[in-house]
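Asks: This is the structure I have questions about; it appears just below.
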Amino acid sequence: MPEVKSVDEVLLARVQADPATGRAIPDAATGETIGYAPEQAIVEVDVAVAAAKAAQREWDELGHAVRSKLLHAAADAVDANAEALARLLSREQGKPLDGPNARFEVGACVTWLRSAATTVLEPQVLIDSDTDHAVLTYRALGVVAAIGPWNWPLMIAIWQIAPALRMGNTVVVKPSEYTPLSVLALVDVLNEVLPPGVLVPVVSSDREVGARLAAHPDIDKVMFTGSTATGRRIVEASSANLARLTLELGGNDAGIVLPDADPKAIAEDLFWGAFINTGQTCAALKRLYVHESIHDEVIDALAGVVRRMPMGCGLDPGNVLGPLQNAAQFDIVARLVEDAEARGGRVVVGGEPAPELGANFFRATIIADLTDGVALVDQEQFGPVLPVVRYTDVEDAIASANGLDAGLGASVWSSDRVAARAVAARLRAGTVWINSHGTLHPEVPFGGVKKSGYGLEFGVEGLKSVAEPRIVSG
Ligand code: TXE
């Protein structure tokens, strides 16, 4: 009997390296090798950038209508390979197929590709009088480097790639060393319809490869999502090549629950705000401030939701929570929980690893009775753990929410939308949600303030960020 391969194994076979030369990539849940990623050398960055540079002019000259059509065709190709991509993503990244996870992420790739295909950046007439005329238009920048993380590797790659291609740039993609195979597979699928050289991957576990790409003299723009430390290095590199930058550096988003919120009504949305992708999400709810009058009810309702959400291997149907993607992240989460307990935190639910599920699993956790100043509150945990802080005066909660360097997202929870908006207006974050957290729309710009980075993605603003402005005056 010939061996029957699953759809993701067929897709993987298209991109993976020879085991003799490639790097073994583990299944995040089981630790078993799922495939081998190519290990490219620094010199291959130069080859990739040269290919992208050589293809850029012709791609630009195709014009918006043709590029839009090709982006729709690329979306169709992703759609046609959706299950294979989702299964590979689930194994490599760890997120379950079900829930707002792997299938959802691949679906978002299709949505954001189509949005980039249909969004139009119109010329803007600035002055139009008898004597003066000035128009602002946008054109391609050149070659864009798309450097991505391991938490939402496919969706974030598309956020970087799709607008860049739409505007006539070519792209060199550098996936995280933790999730190279699913991104390579995505690029391979997109390249079923894109002309050669328009989208070129570089894959390596050597962080110098990313550094070389960001600093390359022929890179005109770097789209980066990752840690603040690496973001700083990219800013330094840009002093030489003057590459334009969009930096999405994660956050430590606060949520404020006002006294008039209905604990039962908000519990499930609070849960997903914090625990989507098992907490490994840049704009997840990472610290929750709850008014003392409803504090216990909110904790009870939230803990009830946590208890009924299944955690386990991503390919097993029904699971909606998975492992931490890698051992280093598991250690960060475990250390923060241990420290929070030592500093008076009360574990309401979870609070420990789940070794029976696998080495990288940590139970979904709520820890109450914490204050600002505890590391779990002040630092980005990036895992399935939500610290809860009780407050008496909303002024204190606002001061706490604004008190850290991070400023990606925030949320306000209340039965009174007007009151919630008044609090929202005082929070310093790129996006403030009301009665939800982290919900994104392809037409609504997204980006951070303070140390969460700069630059906007999505919609018309996203197209502007991968284009160079040109004013024709007279
Ligand atoms: O990120 P890095 P890592 C947070 C999370 C996590 C921490 C580290 O708290 O614990 O970041 O994650 C490439 N020039 N977030 O180590 O190091 C690297 O190869 C150019 C938040 O994965 O920032 C990878 O492709 N590129 C985040 C990418 O940068 C370089 C999502 C990100 O790696 C480089 C994930 C260099 N000098 C983790 N060095 C978010 N914003 O949501 C490395 N890279």
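The values are calculated or read from the model by the stated rules, or taken from the named source; none is laboratory data. Quick caveat: nothing in here was measured; it's all calculated off a predicted structure. Using ideal geometry, Cβ is built from the backbone for each residue, glycine included, and neighbour counts are taken over all protein chains shown.
Asks: Here is a list of conditions, (1) within 22 Å of the chain's Cα centre (by Cα); (2) closer than 18 Å to Ala52 by Cα; (3) of a type in the set (A, V, I, L, M, F, W, C), and Ala215 meets all of them except one; can you say which number that is?
Replies: (1)
Asks: Let me ask something else. What number of residues within the range 17-35 are in a loop (DSSP other than H, G, I, E, B) and either without any contact (Cβ under 8 Å) to a residue 40 or more places away in the chain or more than 24 Å from the chain's Cα centre (by Cα) (or both)? Full working, then the answer.
Replies: Residues of the range 17-35 in a loop (DSSP other than H, G, I, E, B): 17-22, 27-32.
Checking which are either without any contact (Cβ under 8 Å) to a residue 40 or more places away in the chain or more than 24 Å from the chain's Cα centre (by Cα) (or both) leaves us with 17-22, 32.
Of the residues in that region, 7 qualify.
Asks: Another question about this same structure. Please name all residue pairs, on different chains or six or more residues apart, with Cβ atoms under 7 Å, provided the first residue is in the range 36-47 and is of a type in the set (Asp, Glu) and the second residue is buried (at least 16 other Cβ atoms within 10 Å of the Cβ) and not in a helix (DSSP H, G or I).
Replies: Pairs that qualify, where the first residue is of a type in the set (Asp, Glu) and the partner is buried (at least 16 other Cβ atoms within 10 Å of the Cβ) and not in a helix (DSSP H, G or I), are Glu39/Gly22; Glu39/Arg23; Glu39/Ser204; Glu44/Val202.
Asks: Would you check if there is a residue in the range 241-251 being in a helix (DSSP H, G or I), out of contact with any Cys (no Cβ under 7 Å at 6 or more places or on another chain), within 13 Å of the ligand (Cβ to nearest atom) and within 18 Å of Gln381 (Cβ to Cβ)?
Replies: Let us first name the residues in the range 241-251 that are in a helix (DSSP H, G or I), namely 241.
Applying the additional criterion that residues be out of contact with any Cys (no Cβ under 7 Å at 6 or more places or on another chain) yields 241.
Then drop every residue that is not within 13 Å of the ligand (Cβ to nearest atom), which leaves 241.
When the remaining residues are screened for being within 18 Å of Gln381 (Cβ to Cβ), the result is none.
No: zero hits.
Asks: In the range 183-226, how many are small (Gly, Ala, Ser), in contact (Cβ under 8 Å) with a residue 60 or more places away in the chain and either within 13 Å of the ligand (Cβ to nearest atom) or not assigned by TED's automatic domain parsing to the domain that holds Ala162 (or both)? I'd like the intermediate steps shown before the answer.
Replies: Going through the range 183-226, the residues small (Gly, Ala, Ser) turn out to be 185, 197, 204-205, 210-211, 214-215, 226.
Next, from what is left, pick out any that are in contact (Cβ under 8 Å) with a residue 60 or more places away in the chain: 185, 197, 204-205, 210, 214, 226.
From what is left, the residues that are either within 13 Å of the ligand (Cβ to nearest atom) or not assigned by TED's automatic domain parsing to the domain that holds Ala162 (or both) are 204-205, 210, 214, 226.
Qualifying residue count, the range 183-226: 5.
Condition check ((1) within 15 Å of the chain's Cα centre (by Cα); (2) surrounded by 19 or more Cβ atoms within 10 Å (Cβ to Cβ)) across all residues:
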site	(1), (2)
Arg91	no, yes
Ala117	no, yes
Gln124	no, no
Asp128	no, no
Asn151	yes, yes
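Asks: Another question about this same structure. Counting residues that are touching a residue at least 24 places away in the same chain (Cβ under 8 Å) and surrounded by 22 or more Cβ atoms within 10 Å (Cβ to Cβ), which strands (runs of 3 or more DSSP E) fully inside the range 252-370 reach at least 1? Break it down into steps so the answer makes sense when it comes.
Replies: Numbers: elements: 253-257, 285-291, 346-349, 365-368.
Of the strands (runs of 3 or more DSSP E) lying wholly inside the range 252-370, those with at least 1 residues that are touching a residue at least 24 places away in the same chain (Cβ under 8 Å) and surrounded by 22 or more Cβ atoms within 10 Å (Cβ to Cβ) span 253-257, 285-291, 365-368.
Asks: Among the numbered criteria (1) farther than 23 Å from Gly438 by Cα; (2) under 21 Å from the mean Cα position of the chain (by Cα); (3) away from the ligand (no atom under 16 Å from the Cβ); (4) of a type in the set (Gly, Ala, Ser), which one does Ala328 miss?
Replies: Unmet condition: (3).
Asks: Of the conditions (1) in a strand (DSSP E or B); (2) hydrophobic (A, V, I, L, M, F, W, C); (3) out of contact with any Lys or Arg (no Cβ under 8 Å at 6 or more places or on another chain); (4) surrounded by 14 or more Cβ atoms within 10 Å (Cβ to Cβ), Phe104 satisfies every one except a single condition; which number is it?
Replies: (1)
Asks: To continue, here is another question. Of all residues in the range 27-43, how many are closer than 17 Å to Gly314 by Cα and surrounded by fewer than 19 Cβ atoms within 10 Å (Cβ to Cβ)?
Replies: Residues flagged as closer than 17 Å to Gly314 by Cα and surrounded by fewer than 19 Cβ atoms within 10 Å (Cβ to Cβ) within the range 27-43 amount to 4.
Asks: Just the residues that are out of contact with any Asp or Glu (no Cβ under 9 Å at 6 or more places or on another chain) and either over 19 Å from Val290 (Cα atoms) or hydrophobic (A, V, I, L, M, F, W, C) (or both), please, taken from the range 385-395. Walk me through it before giving the result.
Replies: First pass over the range 385-395, keeping only residues out of contact with any Asp or Glu (no Cβ under 9 Å at 6 or more places or on another chain): 385-387, 393-395.
Within the range 385-395, Val385, Leu386, Val394 meet the criteria.
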